[in-house]
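All remarks here apply to the structure that follows.
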Amino acid sequence: MKFDLLKKDPLSKARAGSITTDHGVIETPIFMPVGTVASVKGVHQRELKEDINPDIILGNTYHLYLRPQTEILEKAGGLHKFMNWDRNILTDSGGYQVYSLSANRKIKEEGVKFKSHIDGSYHFFTPENVMEIQRTIGADIIMAFDECTPYPCDYNYAKRSMKMTHRWLDRCVTHLDKVPVKYGYDQAFFPIVQGSCYKDLRQQSAEYIANTNQVGNAIGGLSVGEPAEEMYAMTEIVCEILPEDKPRYLMGVGTPINILENIALGIDMFDCVMPTRNARNGMLFTANGTINIKNKKWEADFSPVDEMGITFVDTEYTKAYLRHLFAANEYLGKQIATIHNLGFYMWLVREARKHILAGDFKPWKEMMVKNMNQRL
Ligand code: GUN
């Protein structure tokens, strides 16, 4: 994997760059649509490619390991072939999903014992077996096995957990060297900064992660319920320490406003379920704010879903029609809303990139934040 830093914004820490892997070029800043179980919910791969056009999507080790199971992915020749996606894929390690199971998991130094949400069976993840599973899934970028701490988190717990995440990272790195890639293309490995919302822990963790000298770095443990200002403060501290010549991935973030604010702090990569999940609940993101399409006020509004939107659904359907689909609980409503929201997120990061390259990112970002902070 290669990262080229193309331009730095003069008035913020924003950067435009490009990542090149064996599955193509990823222009940064980038938003990665989430395809947890080898499917971006509600969107065909063809629509994803032609209408939304992301350079990279995300899959989840936890879910893919449980279903269809690693063995099936190996027989298929890896996740790209299994789901017919020939562009980049990143897999998260399961650290976050296992954290979300809260009552159904037990964390120890050796690893995490957890109960499957599918059939209640017990499984054990370790840094070592998670590296093997990610080799078999075969994503282009794979993530370290970490513990994502909750918010709020007691200082001593956060510190102990961060240190364990660092020891787990060392185990991941040692083991990866022993497990060759399976499908003939490279896999880049990203370690993850933790440290909850404590400045000193974030600094220590960023230094530890940077010193491991991997090809890219990630920040975890944010967007777990903390106020946005705390998230930005942590991102800022960590970005000052992480090397400039490597991509920085902020995991699980966030709203369109969170994304622009974090781009301004030096983040290059994002993923979040928000555009897809909220779409299924009738929430649309637009450049002028959010829309609850289920609202009666749209009942006879025959204007396009989003006249400025980049996808075909934005101009081919009206708000009244989309509201009707939600009222009638039709699948198509969720599909249209999902395509719209993903199209909007992709548009947002591409515009950010254009403005960084043009040198006017900061005033553009400030205008966008103001506009997007409205409910329509
Ligand atoms: N996704 C969002 N936050 C996190 C995190 O802290 N760790 C991992 N592995 N994935 C995440």
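Net charge dipole, the chain: roughly 680 debye, given to the nearest 20, about the Cα centre with Cβ charges of +1 for Lys and Arg and -1 for Asp and Glu. In order along the range 132-140, phi translates into HN-Hα couplings of 5, 4, 5, 4, 6, 4, x, 6, 7 Hz, rounded to whole numbers, per the Karplus curve 6.51 cos²θ - 1.76 cosθ + 1.60 with θ = phi - 60° and x for Gly and Pro. Applied to the range 177-191, the Karplus parametrisation 6.51 cos²θ - 1.76 cosθ + 1.60 on θ = phi - 60° returns per-residue 3J(HN,Hα) values of 4, 8, 10, x, 5, 9, 10, x, 10, 6, 10, 8, 10, 10, x Hz, with x for Gly and Pro.
Dipole size of the range 258-373 about its Cα centre, with +1 on Lys/Arg Cβ and -1 on Asp/Glu Cβ: approximately 260 debye, rounded to the nearest 20.
What is the fewest-to-most order of V305, V37, V224 by other Cβ atoms lying within 10 Å of their Cβ? Mind dumping the intermediate values first?
Details: V305 26, V37 15, V224 19.
Ranking V305, V37, V224 by Cβ neighbours within 10 Å, fewest first, gives V37, V224, V305.
Can you give the angle from 0 to 90° between the axis of helix 199-211 and the longest principal axis of the chain, with both taken from C-alpha atoms, to the nearest 10? Relative to the chain, helix 199-211 is tipped by roughly 70 degrees.
For the range 36-136, the set of GluC sites (Glu not before Pro) satisfying both a DSSP loop assignment and a count of at most 14 other C-beta atoms within 10 Å is given as E109, E110.
Only Cα pairs under 8 Å and 6+ residues apart enter the sum, and on that basis the relative contact order of the chain stands at 18 percent. Taking a ≥ b ≥ c as the square roots of the Cα gyration tensor eigenvalues, the range 96-178 comes out oblate, since a/c reaches at least 1.5 and a/b does not exceed b/c.
Proximity of backbone amide H atoms, modeled 1.01 Å from N, is registered between A38 and N60 at under 5 Å, excluding neighbours fewer than 5 places apart on the same chain. Of all DSSP bridge pairs formed entirely within the range 35-174, close to 50 percent run antiparallel.
What share of the DSSP beta bridges in the chain is antiparallel, in percent to the nearest 5? Present the calculation step by step, with values, prior to reporting the outcome.
Details: 23 of 45 bridges.
Bridges in the chain that DSSP calls antiparallel: roughly 50 percent.
Against the chain, whose longest principal axis comes from its Cα atoms, helix 331-358 is set at around 80 degrees.
Can you classify the chain as rounded, prolate or oblate using the Cα gyration tensor, where a ≥ b ≥ c are the square roots of its eigenvalues, rounded means a/c under 1.5, and otherwise it's prolate if a/b beats b/c and oblate if not?
Details: a/c = 1.57, a/b = 1.31, b/c = 1.20.
Because a/c hits 1.5 or more and a/b exceeds b/c, the chain counts as prolate.
What share of the DSSP beta bridges in the range 241-376 is antiparallel, in percent to the nearest 5? Just about 60 percent of them are antiparallel. In whole Å, how far is the Cα centre of the range 165-180 from that of the range 1-55? Computed from Cα coordinates, the inter-centre distance equals 26 Å. Note: relative contact order over the range 264-376, using C-alpha pairs below 8 Å and six or more positions apart, is 33 percent.
Total lysine pairs in the range 11-90 at Cα distances under 30 Å, for residues eight or more apart or on different chains: 5. Compared with the direct C-alpha span, the chain from K294 to N213 gains 24.3 nm at full extension, assuming 0.36 nm per residue. Coupling constants for the range 102-119 follow from the phi torsions by the Karplus curve (6.51 cos²θ - 1.76 cosθ + 1.60, θ = phi - 60°), and in residue order they are 4, 6, 9, 8, 9, 9, 10, 4, 5, x, 10, 8, 9, 9, 4, 6, 8, 10 Hz; glycine and proline get x.
Here, each number is a calculation from the coordinates, and none is a lab measurement. Treat the numbers as computed from the prediction; the structure is a model and nothing was measured. Neighbour counts are summed over all protein chains in view; Cβ atoms, including those assigned to glycine, are modelled from backbone coordinates with ideal geometry.
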